[in-house]
Structure formats: structure tokens, C-alpha cells
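The values are calculated or read from the model by the stated rules, or taken from the named source; none is laboratory data. Quick caveat: nothing in here was measured; it's all calculated off a predicted structure. For neighbour counting, all protein chains shown are included, and Cβ atoms are generated from backbone atoms with ideal geometry for every residue, glycine included. Heavy atoms of the whole protein, side chains included, go into the accessibility calculation; ligands, DNA and RNA do not. Shrake-Rupley method; radii C 1.70, N 1.55, O 1.52, S 1.80 Å.
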Amino acid sequence: MTITPFEIRLYEQLTPFFAKHGYSFISDRKQYRRRVDTGFQNVLLSTTFYKDEVMLEVNFGCRNEQVEQIAQQFLNNAIEYRADANTVILSIGKFSGFHYFRYKIHSSDELTLVCEQIESFFSQAGFDFLKSACSLASLDRLLNEQPNQPCLYVYNQTHRCYKGLIAARLNNNPRFDGLVDSYRHLLDRQTKNPYEQQHFERLVAYLRHYSAN
């Protein structure tokens, strides 16, 4: 994967900060990643180049390995991407209540300022969210608190139905049966795809007989 001169400068400025917090830079994924007992936490940097400016979006989230080992059996993700799949992910903009927020950079000075703003965000809020988000209890809450509404913490709402239900089952959520009904109807409205419904029903049957022991 090609890394542009702008991205090299971006990573040079941010890497010492993230390294101090235990994050390693993974160049071919253009992200910082910290391994934890439950999976990993990560920060992903996405740049879009225009004639006079660079737009930078920063996403962050985590992977719960127990959830993903089940989920990836029922989703249509390409095999080569399954090990990197996030369980929850959102942008700094969405976290802060600005759904279309991007950093706009026109010069080296602005790049330095943006990097300082990114570091400030993670110091004040981002790292705390990541530390708590990947536990089963937190995932159950984040994904299932409002099952009939789009979830802020994922981009693919179809995958949210699968992963939310898995988190609920693993967390022994007493609302499991109600969530099955909610996500079944949600998938029907979203996809109108009988094959998707078949995959979902396979997951439900699997989870009803699943034991972590």
C-alpha cells in the first residue's frame, strides 16, 4: 500500500504520541493498534487529496475476538479482511456529534495543529472510550441499547444486528429474545434479502445452543 509524503509527515508527528500509549503503527493498514486481552484497540487515518487541501478523517474502535470469531462465520467479509474486522468503530466527528466532520489541512503548520488536536482528543476522551468499549458488557450496551435505531458505533447496520446479538448472548443479556425479534425485523426492512435472513436465522440457532465453556 502506497504511503504519500503527506502521510509520512503525518505519521512522523503522531507515532511518538501513540507509541507512548502502547500503540504500534501498522503501515499496510494505515492505523495504530494496541493489543489487549480481548482483542485490539485501533486508530485509523484516512486521507483524501484535493488540489489545494487534504481532508483527514480519524476513526477509532476496537475488536473483541470472542465476538468476531463467531460473527465472521456468518458474515460475507472477504477472508483476508476477517482478522482485521472491528467490532465497533466510529470517527472523531461522530463521537463529537458532527457526522460529516473532517480535518482540513493546507500547510505544514496546519498539519502540526491538527496533530495536536488529535492528540488532545485521545488524551481527553478517546483513550478512555477505547479502554472500556471492548468488554462484552460495554459492547452489549453500545450495540443493543436502542435496537430499533441506527447504532452510532458501527458503519454497517446489518453487521450491527449480528454483532449486537452475539454480544448480548455472550453477556447473558436477559433481553436476548427481544433483540432477536428486533434485529429480525430490522434486517427485513434494510435488506429485503432472503439469503441475509437465512444467515441471520442460522446465527440465532447457533447462539441458542452456544456455550462459552
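Suppose every K and R has +1 on its Cβ and every D and E has -1 on its Cβ; what is the size of the dipole of the stretch 1-138 about the Cα centre, in Debye to the nearest 20? Please report the intermediate quantities before stating the final value.
Numbers: 14 positive and 16 negative charges, 49 e Å.
Roughly 240 debye for the stretch 1-138.
State the answer as a single residue: which of Gly61, Phe6, Leu45 lies farthest towards the positive end of the charge dipole of the chain, with beta carbon charges of +1 for Lys and Arg and -1 for Asp and Glu, about the Cα centre.
Towards the positive end, the residue furthest out is Gly61.
Using the crude model of +1 on Lys and Arg Cβ and -1 on Asp and Glu Cβ, and no other charge, please compute the dipole size for the stretch 153-205 relative to its Cα centre, in debye to 20. Spell out each step's value before the answer.
Numbers: 8 positive and 5 negative charges, 27 e Å.
The dipole of the stretch 153-205 has a size of about 120 debye.
Just by accessible area at a 1.4 angstrom probe, what is the order of Tyr32, Tyr50 from largest to smallest? Could the numbers behind the result be given before it?
On the way: Tyr32 0, Tyr50 135 Å².
Per-residue accessible area, sorted high to low, gives Tyr50, Tyr32.
Pulled fully out, how much extra length does the chain show between His185 and Glu57, if you take 0.36 nm times their separation in residues and subtract their Cα-Cα distance?
On the way: separation 128, 0.36 × 128 = 46.08 nm, distance 3.27 nm.
Contour length minus Cα-Cα distance gives 42.8 nm.
Could you work out which residue, out of Gln149, Gln66, Gln31, moves most in a Gaussian network model of the chain, that is, has the largest mean-square fluctuation with Cα springs under 10 Å?
Of the options given, Gln149 has the highest mean-square fluctuation.
So how do 176-185, 83-92 stack up, highest first, on mean other-Cβ count within 10 Å?
Values: 176-185: 16.6, 83-92: 20.3.
Descending packing order for the listed peptides: 83-92, 176-185.
Only helical DSSP H runs with n ≥ 4 go in: add -39500 (n - 2.57) per run for the chain, normalise by residue count and round the 222 nm mean residue ellipticity to 500 deg cm²/dmol. Don't jump to the answer; show the numbers that get you there.
Details: 10 runs with 106 residues, N = 213.
When only DSSP H runs of four or more count, the value is -15000 deg cm²/dmol.
What is the magnitude of the charge dipole of the stretch 83-213 about its Cα centre, with +1 placed on the Cβ of each Lys and Arg, -1 on the Cβ of each Asp and Glu, and no other charges, expressed in debye to the nearest 20? Write down the numbers at each step before the final one.
Values: 14 positive and 13 negative charges, 101 e Å.
With Lys and Arg at +1 and Asp and Glu at -1, about 480 debye.
Of Leu186, Leu113, which has the most accessible area and how do the rest follow, probe 1.4 Å?
On the way: Leu186 15, Leu113 90 Å².
Output order, biggest surface exposure first: Leu113, Leu186.
Before anything else, pin down the relative contact order of the chain: Cα pairs under 8 Å, at least 6 apart, normalised by residue count, whole percent. List each step's numbers first, then the result.
On the way: 247 pairs, mean separation 34.4, N = 213.
Across the chain, relative contact order equals 16 percent.
Please name which of Phe17, Tyr162, Gln117 has its Cα lying farthest along the dipole of the chain towards the positive end, using unit charges on Cβ (Lys, Arg +1; Asp, Glu -1) and the Cα centre as origin.
Tyr162
Count neighbours as other Cβ atoms within 10 Å of each site's Cβ, and list the chymotrypsin sites (Phe, Trp or Tyr not before Pro) in the stretch 89-135 that are DSSP loop with at most 11 such neighbours.
Sites meeting the loop and neighbour criteria: Phe98, Tyr100.
Give me the angle, in degrees from 0 to 90, between the Cα long axis of helix 5-20 and the longest principal axis of the Cα atoms of the chain, rounded to the nearest 10.
70
At 1.4 Å probe size, put Ile8, Ile79 in order of accessible surface, largest to smallest.
Working: Ile8 80, Ile79 130 Å².
Descending order: Ile79, Ile8.
Helix 108-121 versus the longest principal axis of the chain: what angle, 0 to 90°, nearest 10, using Cα atoms?
Helix 108-121 sits at roughly 40 degrees to that axis.
Relative to the longest principal axis of the chain, what angle (0 to 90°, nearest 10) does the C-alpha long axis of helix 176-191 take?
On a 0 to 90 degree scale, this one is about 70.
DSSP loop (so not H, G, I, E, B), at most 14 other Cβ within 10 Å: list which trypsin sites (Lys or Arg not before Pro) in the stretch 30-103 pass both filters.
On the way: sites: Lys30, Arg33, Arg34, Arg35, Lys51, Arg63, Arg82, Lys94, Arg102; in loops: Lys30, Lys51, Arg102.
When the trypsin sites (Lys or Arg not before Pro) of the stretch 30-103 are filtered for loop state and at most 14 Cβ neighbours within 10 Å, Lys51 remain.
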